[in-house]
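What follows is a short report on a single structure.
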Amino acid sequence: MSQYNIAVIVGSIRRDSLNQKLADALVKLAPPEFSFRTVRIDDLPLYNQDDDAKPAAAVLRLRKEIKEADALLFLTPEYNRSIPGVLKNAIDHASRPWGQSVWGGKPAGVLGVSVGAIGTALAQQHLRSILSYLDVSVLGQPEVYLQAKDGLFDADGGIGPDSRAFVQGWVDRYVAWVKKLAA
């Protein structure tokens, strides 16, 4: 495979999302054969099994974008020691109806950034558990729990010099993971 299409799912929909900033910064560290597309999740209705037979246009778009992706990249904040409801809602929509999940078999990376000292450790653990059930192959190591501090991002929106080598190491492992499993 010469080109890898990555679906980026950011679990925060706020205007100044740290996790969206991190997603944008990661793109700058990836090789040119990796293209990234942020999947919109803010317009999805709340999941209701009654709607499985006639899903909303936003749900059909989500399912199509996930299905067409070679790999997944999840960036999540931590809300009350778990993942945000908007992210869980998107996961549920793309995994239903039963037996028609579009998540399975794809390689994925999970990381996040937060102002809290433990980063997004617990949210990531919950997300990994959900993705495991959905047959998504998540990169296990290294784990990345970033705390948003001055200097994490540089003036151009990239990763700052103090964290660049660490984050680049994660990106390099993710790239190798995707190439291995998406082949």
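The values are calculated or read from the model by the stated rules, or taken from the named source; none is laboratory data. Note that the structure is predicted; figures quoted are calculated from it, not measured. Neighbour counts run over all protein chains shown; Cβ positions are idealised from the backbone, glycine included.
The table that follows gives values for the structure above.
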read-out: Answer residue from segment 15-66, given it is among the small types (G, A, S) and surrounded by 12 or more Cβ atoms within 10 Å (Cβ to Cβ) and is nearest to the chain's Cα centre (by Cα) among those; value: A23
read-out: Conditions (1) modelled with pLDDT of 95 or more; (2) buried (at least 16 other Cβ atoms within 10 Å of the Cβ): number failed by E78; value: (1)
read-out: Residue in segment 93-107 that is touching a helix residue (DSSP H, G or I) at 6+ places or on another chain (Cβ under 9 Å), touching a residue at least 40 places away in the same chain (Cβ under 8 Å) and part of a helix (DSSP H, G or I) present; value: yes
read-out: Cross-chain or 6+ apart pairs with Cβ under 7 Å, segment 160-183 first and within 18 Å of D24 (Cβ to Cβ) and without any contact (Cβ under 8 Å) to a residue 24 or more places away in the chain, then not in a helix (DSSP H, G or I) and not acidic (D, E); value: G160/G151; G160/L152; G160/F153; S163/L152
read-out: Of all residues making up segment 76-86, the number that are in contact (Cβ under 8 Å) with a residue 24 or more places away in the chain and more than 18 Å from A148 (Cβ to Cβ); value: 2
read-out: Complete set of residues in segment 130-153 that are among the small types (G, A, S) and either surrounded by 14 or more Cβ atoms within 10 Å (Cβ to Cβ) or at negative phi (or both); value: S132, S137, G140, A148
read-out: Residues (among the polar types (S, T, N, Q), in contact (Cβ under 8 Å) with a residue 12 or more places away in the chain and assigned to a helix (DSSP H, G or I)) located in segment 108-128; value: Q124
read-out: From A69, A7, residue being buried (at least 18 other Cβ atoms within 10 Å of the Cβ), touching a helix residue (DSSP H, G or I) at 6+ places or on another chain (Cβ under 9 Å), hydrophobic (A, V, I, L, M, F, W, C) and modelled with pLDDT of 95 or more; value: A7
read-out: Test result for L131, of a type outside the set (F, W, Y), assigned to a helix (DSSP H, G or I), within 12 Å of E78 (Cα to Cα) and modelled with pLDDT of 95 or more; value: no
read-out: So L111, is it closer than 21 Å to W177 by Cα and within 15 Å of the chain's Cα centre (by Cα); value: yes
